[in-house]
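Down below is the structure, laid out as structure tokens.
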Amino acid sequence: QVQLVESGGGLVQPGGSLRLSCAASGSIFGAYTMSWYRQAPGKQRELVARITSSGIINYADSVKGRFTIARDNAKNTVSLQMNSLKPEDTAVYYCNGGNAYLSIWGEGTQVTVSS
């Protein structure tokens, strides 16, 4: 079974940048849609960005123009480059992979944007 492990979270000042990475084990990574979600305290988990196996990308309106999702099927990784970070981007960020039949979650990585 595929497992997902996130890395790259941390504390950053407003306007700064962070790059999150998600490493997947398993040989069928390339067939999965990969997504990044986030959950802030007291709020529901929300979709941040998604990239399909064919490379179609969607972003939440709140991050368009600031975040970039990318995947490397040869390395079984998906990344989220986050620029111009705002305090409201503070959340636990989760990597998700799956298809119509299953959905796999990583354990999450904390991103805190604060001065």
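Since Gly65 meets every condition but one in (1) at negative phi; (2) in a loop (DSSP other than H, G, I, E, B), which condition does it not meet?
Result: Gly65 fails condition (1) only.
Residue check, Thr90 against (1) modelled with pLDDT of 95 or more; (2) touching a Phe, Trp or Tyr at 6+ places or on another chain (Cβ under 8 Å), all met but one. Which one?
Failing condition for Thr90: (2).
Quick one: in region 56-73, of everything that is of a type outside the set (S, T, N, Q) and touching a helix residue (DSSP H, G or I) at 6+ places or on another chain (Cβ under 9 Å), which residue is surrounded by the fewest Cβ atoms within 10 Å (Cβ to Cβ)?
Of region 56-73, the ones of a type outside the set (S, T, N, Q) are 56-57, 59-61, 63-67, 69-72.
Filter once more, so that each one left must be touching a helix residue (DSSP H, G or I) at 6+ places or on another chain (Cβ under 9 Å): 63, 66-67, 71.
Working: Val63: 22, Arg66: 15, Phe67: 21, Arg71: 23.
For region 56-73, the residue satisfying everything is Arg66.
Of these, Ser115, Ser53, Ser84, which one is assigned to a loop (DSSP other than H, G, I, E, B), surrounded by fewer than 18 Cβ atoms within 10 Å (Cβ to Cβ) and touching a helix residue (DSSP H, G or I) at 6+ places or on another chain (Cβ under 8 Å)?
Values: Ser115 fails: touching a helix residue (DSSP H, G or I) at 6+ places or on another chain (Cβ under 8 Å); Ser84 fails: touching a helix residue (DSSP H, G or I) at 6+ places or on another chain (Cβ under 8 Å).
Of the residues listed, the single one that is assigned to a loop (DSSP other than H, G, I, E, B), surrounded by fewer than 18 Cβ atoms within 10 Å (Cβ to Cβ) and touching a helix residue (DSSP H, G or I) at 6+ places or on another chain (Cβ under 8 Å) is Ser53.
Any residue in region 54-77 that is closer than 17 Å to Ser21 by Cα sitting within a Cβ distance under 7 Å of a residue that is open to solvent by 40 Å² or more (accessible area, probe 1.4 Å) and part of a loop (DSSP other than H, G, I, E, B)? List the pairs, counting only those 6 or more apart or interchain.
Listed by first residue and then by second, the contacts come to Arg66/Asn83; Arg66/Ser84.
Within region 87-115, take every residue that is among the small types (Gly, Ala, Ser) and in contact (Cβ under 8 Å) with a residue 40 or more places away in the chain and give me the one that is farthest from Arg50 (Cα to Cα).
Applying the first criterion (among the small types (Gly, Ala, Ser)) to region 87-115 yields 91, 97-98, 100, 103, 106, 108, 114-115.
Those left that are additionally in contact (Cβ under 8 Å) with a residue 40 or more places away in the chain: 91, 97-98, 106, 108, 114-115.
On the way: Ala91: 17, Gly97: 10, Gly98: 11, Gly106: 15, Gly108: 16, Ser114: 26, Ser115: 29 Å.
Across region 87-115, the extreme among qualifying residues is Ser115.
Looking only at residues in region 41-50 that are basic (Lys, Arg) and more than 14 Å from Gly97 (Cα to Cα), which one is surrounded by the fewest Cβ atoms within 10 Å (Cβ to Cβ)?
Taking region 41-50 and keeping what is basic (Lys, Arg), we get 43, 45, 50.
If we keep only those that are more than 14 Å from Gly97 (Cα to Cα) too, we end up with 43, 45.
Numbers: Lys43: 9, Arg45: 15.
Selected residue: Lys43.
The values are calculated or read from the model by the stated rules, or taken from the named source; none is laboratory data. Owing to the predicted nature of the structure, the values given are computational and were not obtained by experimental measurement. Here the Cβ is made from the backbone with ideal geometry for all residues, glycine too, and neighbour counts use every protein chain on show. Quick note on the areas: whole protein, heavy atoms, side chains included, nothing else; ligands and nucleic acids left out. Shrake-Rupley method; radii C 1.70, N 1.55, O 1.52, S 1.80 Å.
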